[in-house]
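J.: One structure coming up, written as structure tokens, with questions to follow.
The values are calculated or read from the model by the stated rules, or taken from the named source; none is laboratory data. Remember, predicted model here, so these are calculated numbers, not experimental data. Here Cβ is always computed from backbone atoms with ideal geometry, including for glycine, and neighbour counts include all displayed protein chains. Only protein heavy atoms, including side chains, enter the accessible area calculation; ligands, DNA and RNA are left aside. Shrake-Rupley method; radii C 1.70, N 1.55, O 1.52, S 1.80 Å.
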Amino acid sequence: MRLRPDGPDELVEAAYGVLNVNTGVETTTDSVFQIGSISKVWTATLVMQLVDEGLLDLDDPVVRVLPELALSDPTVAQQVTMRHLLAHTSGIDGDVFTDTGRGDDCLEKYVARLRDEAQNHPLGATWSYCNSGFVLAGLVIEKLTGLTWDAAVRTRLTEPLGLARTSTLPEEALLERTACGHTDSADGPERVPQWMLPRALGPAGLINASVADLLRFARMHLTGGVAEDGTRVLSERSTAAMAAHEVDLPDRYTLGDSWGLGWIRFGWDGRRLIGHDGNTIGQSAFLRLLPEQNMVVALLTNGGSAGDLYRDLYREVFADIAGVTMPPPFTPPAEPVSVDVTPHLGTYERASTRLEVLDGADGPVLRMTVTGPLAELTPDPVKELALIAVGTDLFAIRLPDRDSWMPVTFYRLSTGERYLHLGVRATPKVT
């Protein structure tokens, strides 16, 4: 989509493939997909509406709204702010996928259980992607609006924006032409056994939408918070604040170079873009906004090498339409780099993930183990991958059947603790 100051917006849609390999239902432009963690931008937008209304201050401790909040670190519980949550610097272990039921109290039950989850890093000490923090933000929204998060999305965003094919609940998505997720197998794409994550994860990633609806939501952020019909959805000041720099990332290769309030910030070819990605069970989504050209591009997928498709497609689209060169993908050097891996050997662990750095016979190895509830949803919960040195503290790994490489970054906090950054998560060394 591209906004035109002197005429109607230019909207281009395309569809390919099937929504479900078991039924063969064809994908159409009005099909509905899970947008995954792009939902976090919607949750952040709801938060900023509350800021506009004077009901919330980003820098006030969350306990002012949730006095009952209890975390594993009592000091963090008293000091964590909404700014920490939206910028992923709270240190709350981010990959907690506890199913607390389908009731309207599921967020409240989820947050009550955070007291049993480890503090991943000291408050504000580093950046680590945090689903749990957005569920906590969702509960704040519920307390201040008197609505469930689902109802708040519908009444405060979906309806004002005129989005006809956007929902948060599976019974709503079933009324649309809805995609199922798939995973790769030896015989080709295979439908995943579960369609959606637990309802409590809603504020972190459970919005379903057509590509046109997703583009219209993004359009509102390009126009300073105004819907297509002129309705003011968010103030211009809050819209700008969401895209402004909040924190730099330890890993500047996987996503962007920095984070705002909900948005990822990308530096491409000297231009500043904002956006977000989403990954659920067998579905992936990608959203990029180029404000200087009033341009937004969205990609919704339901299986296959989605990341590789994104890179190939967006590289071509942004070069041809915007004249912007997408940065080259992260790759290890052609010639081997000799690095002493000894300081990095050991076990790094957080919720849902255990990472072991081993000194293998043919060089360093990273053993990745999915743990907890997610292990039951993962076909292959244990992978061993060669660690290819790029520099003293930077290595590369490549998953089977993938063209792209992933960076593995080792670093220390200012207080000395060792961390491994992989998949936009900071994982502390435990042994």
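J.: Would you confirm whether or not the stretch 78-89 contains a residue that is among the polar types (S, T, N, Q) and crowded, with 21+ Cβ neighbours inside 10 Å?
T.: Step one: of the stretch 78-89, the residues among the polar types (S, T, N, Q) are 78-79, 81, 89.
Imposing the further condition that a residue be crowded, with 21+ Cβ neighbours inside 10 Å reduces the set to 89.
Yes, the conditions are met somewhere in the stretch 78-89.
J.: Same structure, new question: Quick one: which residue in PHE330, PHE318 is open to solvent by less than 30 Å² (accessible area, probe 1.4 Å), aromatic (Phe, Trp, Tyr) and either touching an Asp or Glu at 6+ places or on another chain (Cβ under 6 Å) or in a helix (DSSP H, G or I) (or both)?
T.: Matching residue, one of PHE330, PHE318: PHE318.
J.: Does the stretch 247-256 hold any residues that are surrounded by fewer than 21 Cβ atoms within 10 Å (Cβ to Cβ) and of a type in the set (A, V, I, L, M, F, W, C), and which are they?
T.: VAL247, LEU255
J.: Hey, another quick one. Are any of the residues in the stretch 338-351 β-branched (Val, Ile, Thr), in a loop (DSSP other than H, G, I, E, B), touching a strand residue (DSSP E or B) at 6+ places or on another chain (Cβ under 9 Å) and open to solvent by less than 60 Å² (accessible area, probe 1.4 Å)?
T.: Checked against the condition, which is being β-branched (Val, Ile, Thr), in a loop (DSSP other than H, G, I, E, B), touching a strand residue (DSSP E or B) at 6+ places or on another chain (Cβ under 9 Å) and open to solvent by less than 60 Å² (accessible area, probe 1.4 Å), the stretch 338-351 yields at least one hit.
J.: Quick one: which of PHE395, PHE410 is open to solvent by less than 30 Å² (accessible area, probe 1.4 Å), out of contact with any helix residue (DSSP H, G or I) (no Cβ under 6 Å at 6 or more places or on another chain) and either assigned to a loop (DSSP other than H, G, I, E, B) or touching a residue at least 24 places away in the same chain (Cβ under 8 Å) (or both)?
T.: PHE395
J.: Please go through (1) open to solvent by less than 10 Å² (accessible area, probe 1.4 Å); (2) part of a helix (DSSP H, G or I); (3) not charged (D, E, K, R) for LEU313 and return the number of the only condition it doesn't satisfy.
T.: It is condition (1) that LEU313 fails.
J.: Report yes if GLY54 is open to solvent by 10 Å² or more (accessible area, probe 1.4 Å), of a type outside the set (D, E, K, R) and within 20 Å of THR155 (Cα to Cα), otherwise no.
T.: Considered against the rule, which asks whether it is open to solvent by 10 Å² or more (accessible area, probe 1.4 Å), of a type outside the set (D, E, K, R) and within 20 Å of THR155 (Cα to Cα), GLY54 comes out as yes.
J.: How about the stretch 163-196: which of its residues are open to solvent by less than 60 Å² (accessible area, probe 1.4 Å) and not in a loop (DSSP other than H, G, I, E, B)?
T.: Matches in the stretch 163-196: THR166, SER167, PRO170, GLU172, ALA173, THR178, HIS182, THR183, SER185, GLY188.
J.: Something else about it: Every residue in the stretch 14-51 that is among the aliphatic types (A, V, I, L, M), buried (at least 20 other Cβ atoms within 10 Å of the Cβ) and touching a Gly at 6+ places or on another chain (Cβ under 6 Å), please. I'd like the intermediate steps shown before the answer.
T.: Residues of the stretch 14-51 among the aliphatic types (A, V, I, L, M): 14-15, 18-19, 21, 25, 32, 35, 38, 41, 44, 46-48, 50-51.
This time we only want the ones that are buried (at least 20 other Cβ atoms within 10 Å of the Cβ), so: 19, 32, 35, 38, 41, 44, 46-48, 50.
Matches in the stretch 14-51: ILE35, ILE38, VAL41, ALA44.
J.: Further, regarding this structure: Quick one: in the stretch 139-148, which of the residues that are over 12 Å from THR45 (Cα atoms) and in contact (Cβ under 8 Å) with a residue 12 or more places away in the chain is most open to solvent (accessible area, probe 1.4 Å)?
T.: LYS143
J.: Would you check if GLU117 is in contact (Cβ under 8 Å) with a residue 24 or more places away in the chain, under 23 Å from the mean Cα position of the chain (by Cα) and over 24 Å from THR168 (Cα atoms)?
T.: Yes.
J.: How many residues are within 17 Å of TRP259 (Cβ to Cβ), touching a residue at least 24 places away in the same chain (Cβ under 8 Å) and not small (Gly, Ala, Ser) when one looks only at the stretch 78-114?
T.: 9
J.: While we're here: Search the stretch 368-392 for residues being over 26 Å from ASP116 (Cβ atoms) and open to solvent by 30 Å² or more (accessible area, probe 1.4 Å), and hand back the single one that is modelled with the lowest pLDDT.
T.: The residue in question is PRO379.
J.: Looking only at the stretch 236-246, which residues are open to solvent by 30 Å² or more (accessible area, probe 1.4 Å) and farther than 19 Å from LEU287 by Cα?
T.: Hits for the stretch 236-246 are GLU236, ARG237, GLU246.
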